[in-house]
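The values are calculated or read from the model by the stated rules, or taken from the named source; none is laboratory data. None of the values given here were measured: they were computed from a predicted structure. Don't worry about glycine lacking a Cβ; one is built from the backbone with ideal geometry, like all the others, and counts go over all protein chains shown. Please note that ligands, DNA and RNA were not included when accessible areas were found on the heavy atoms of the full protein model with its side chains. Shrake-Rupley method; radii C 1.70, N 1.55, O 1.52, S 1.80 Å.
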Amino acid sequence: MEVLIDTNVFIEREGDWTVPEPLQELEKLLKTEGHTILIHPHSKQEIRNYENDERRETDESKIETYAELGFPPYPNPSSTEFRNHVPEADSFNEQVDNALLYTVFKGRTDILITEDGDMHRKADELGIKESVLSIEEARERFKQDPAAYEGPPSIQKQQVADLDVDDPIFDSLKEDYDFRDWFESIPDERDVYVNWNEDGTLGAVLILKPNEAEHIGEEPELGKRDRLKICTLKVASHRRGSKIGELLVSIAIREAIQHELEEIYLTHYIKEDDYLVQLISQYGFGRASQTATGETVFVKRLTPGPGDDPDPSEVHFRFYPSFYDGPSVSKFLIPTQPEFHGRLFPTYENRQPKLTEFSGQLLSEGNAIKKAYLSHANTRQIEQDDVLLFYRTHDHMEITSLGVCEQVEYEVTEAEAVQELVGKRSVFTDREIAEMVESPTTVILFKWHFELENPLHYQVLLDEDVLSGPLQSIQEIDESSYQYIRENGGIDGRFTVN
């Protein structure tokens, strides 16, 4: 966990400028549990602006023991969801406060520790109150159960009976329609996917209904067929900077595949700056109809239907997880060291059961759809829409996973440029990125589509002339080699377009 601290936590009322005892104890708790304490670059500048030389030197010496947050996001006038509660600052000190809050708001750090009452008020309005703590609150939280706050947000598969209809996450739904009556009509044993906050409230929830064979929409009427219905997909505002929403969409898609359903749909009252619409639009959900009550019907197909003739980019956008693998796109083997492979493809690492059998947790990092791969390979041949086959080196030595390139940038030499490209896709730390760009770096942004049902081992690839020796760099393969991998690796042909 990354914990950002405001410089005001150093201020001792007695004015002796020693680090307060509660902060010392909190530091020990965090370091014992392996958490990272960070200082924002703006906070460092704020201290450098002190006119009192003695105070400036003292505080600068204190913050030298903490790592600096790399590539923080900054609010701008277009950040409407943030600016609705936090207007642009008039002073540099206010800019610092807003920058710290925005860092938490965007999910770049897990917790902010501050003694500033106005910042706590703003955090409450932004819906990130539980992530903005005083020294005492943080100390008590980590003393009670430090292990409970490790790692990224996770998803658990539970049942409707485990949920409370009066949980705050459902409040906005109750404003739109009679949510309580609908919720209480759901069978208690219906599976749900949830993320829990530390205080026991919901951070995210996904409720699905497979095989929803009913007429949907009024303008136009979309007919009756078997579909998977997303009854509820809700992410609390403080979780929106994480990958939780994307993970929920991925779960819904995999559930549709499990039930052999080609269409997914949901109905929704659209609002200004609508998070749900922004989220689902990235994965091919399109506005298809209106209901009699004014809801918009969003529909997504998993494969092209009659009359569809999509180009390669449209296939993996509109019809994800389908992808184009015809001869007009190239195919590449991507060697990935075990450490980074484990972060990029944790479901392969864990050999988790199918979602319908799932009872544990899914972590939002790594399990999401959009990912980034960094390499020092000399190749400049990869282009948008090319098929990427990831090969785990050293230990397993096999092709494990398939993705499709969305964007590639070559010879990047600035860490900030890499961070701007990869955003929340990256499973690389800031330090790892900084070390990577010491040499020109290739940045590949891709969507993960499938793991191979039958991972293909190095010896098999040698025997079939797919490889002629150890895979040490990115390598393009010909069509016959790809067809061998497709047929023998268990790539699901239902989701390939050529």
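What the table below lists for this structure:
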quantity: Residue that is least open to solvent (accessible area, probe 1.4 Å) [pool: residues in the stretch 418-444 that are within 25 Å of residue 104 (Cβ to Cβ) and either in a strand (DSSP E or B) or among the hydroxyl-bearing types (Ser, Thr, Tyr) (or both)]; calculated: 426
quantity: Evaluation of residue 123 against (1) over 30 Å from residue 168 (Cβ atoms); (2) in contact with a Lys or Arg (Cβ under 7 Å, 6 or more places away or on another chain) (one fails), failing number; calculated: (1)
quantity: Search result, residues across the stretch 219-259 that are open to solvent by 20 Å² or more (accessible area, probe 1.4 Å), closer than 22 Å to residue 305 by Cβ and of a type in the set (A, V, I, L, M, F, W, C); calculated: 222, 257
quantity: Pairs where the first residue, in the stretch 326-343, is free of Cβ contacts under 8 Å to residues at least 12 places away in the same chain and closer than 15 Å to residue 399 by Cα and the second is open to solvent by 30 Å² or more (accessible area, probe 1.4 Å) and β-branched (Val, Ile, Thr), C-beta under 7 Å, 6+ apart; calculated: none
quantity: Selection status of residue 44, charged (D, E, K, R) and modelled with pLDDT of 80 or more; calculated: yes
quantity: Wholly within the stretch 114-213, helices (runs of 4 or more DSSP H) carrying at least 2 residues that are open to solvent by 30 Å² or more (accessible area, probe 1.4 Å), touching a helix residue (DSSP H, G or I) at 6+ places or on another chain (Cβ under 9 Å) and under 30 Å from residue 9 (Cα atoms); calculated: 117-126, 135-144
quantity: Any hit, the stretch 474-489, residues being among the aromatic types (Phe, Trp, Tyr), farther than 25 Å from residue 243 by Cα and surrounded by 15 or more Cβ atoms within 10 Å (Cβ to Cβ); calculated: yes
quantity: Any hit, the stretch 83-90, residues being of a type outside the set (Ser, Thr, Tyr), surrounded by 15 or more Cβ atoms within 10 Å (Cβ to Cβ) and not in a helix (DSSP H, G or I); calculated: yes
quantity: Residue selected from the stretch 404-417 under the condition assigned to a helix (DSSP H, G or I) and touching a residue at least 60 places away in the same chain (Cβ under 8 Å), by the criterion least open to solvent (accessible area, probe 1.4 Å); calculated: 415
quantity: Test: residue in the stretch 238-253 that is of a type in the set (A, V, I, L, M, F, W, C) and more than 27 Å from residue 110 (Cβ to Cβ); calculated: yes
quantity: Qualifying positions in the stretch 281-308 - open to solvent by less than 40 Å² (accessible area, probe 1.4 Å), of a type in the set (A, V, I, L, M) and over 24 Å from the mean Cα position of the chain (by Cα); calculated: 288, 297
quantity: Single match in 398, 464 (criterion: in contact with a Lys or Arg (Cβ under 7 Å, 6 or more places away or on another chain), surrounded by fewer than 21 Cβ atoms within 10 Å (Cβ to Cβ), within 27 Å of residue 496 (Cβ to Cβ) and of a type in the set (D, E, K, R)); calculated: 398
quantity: Scope the stretch 319-334; condition farther than 21 Å from residue 489 by Cα and crowded, with 18+ Cβ neighbours inside 10 Å; matching residues; calculated: 319
quantity: Residues within the stretch 365-395 that are of a type in the set (Ser, Thr, Tyr) and either in contact with a Phe, Trp or Tyr (Cβ under 6 Å, 6 or more places away or on another chain) or crowded, with 22+ Cβ neighbours inside 10 Å (or both), tallied; calculated: 2
quantity: Some residue of the stretch 210-225 being at pLDDT below 90, closer than 18 Å to residue 266 by Cβ and of a type in the set (Val, Ile, Thr); calculated: yes
quantity: Among the residues listed as 312, 321, the single one being closer than 18 Å to residue 447 by Cα, touching a residue at least 24 places away in the same chain (Cβ under 8 Å) and over 24 Å from the mean Cα position of the chain (by Cα); calculated: 312
quantity: Hits in the stretch 282-312 (condition: part of a strand (DSSP E or B) and in contact with a Pro (Cβ under 7 Å, 6 or more places away or on another chain)); calculated: 289
quantity: Selection from the stretch 260-280 of residues that are exposed (fewer than 15 other Cβ atoms within 10 Å of the Cβ) and part of a helix (DSSP H, G or I); calculated: 275, 278
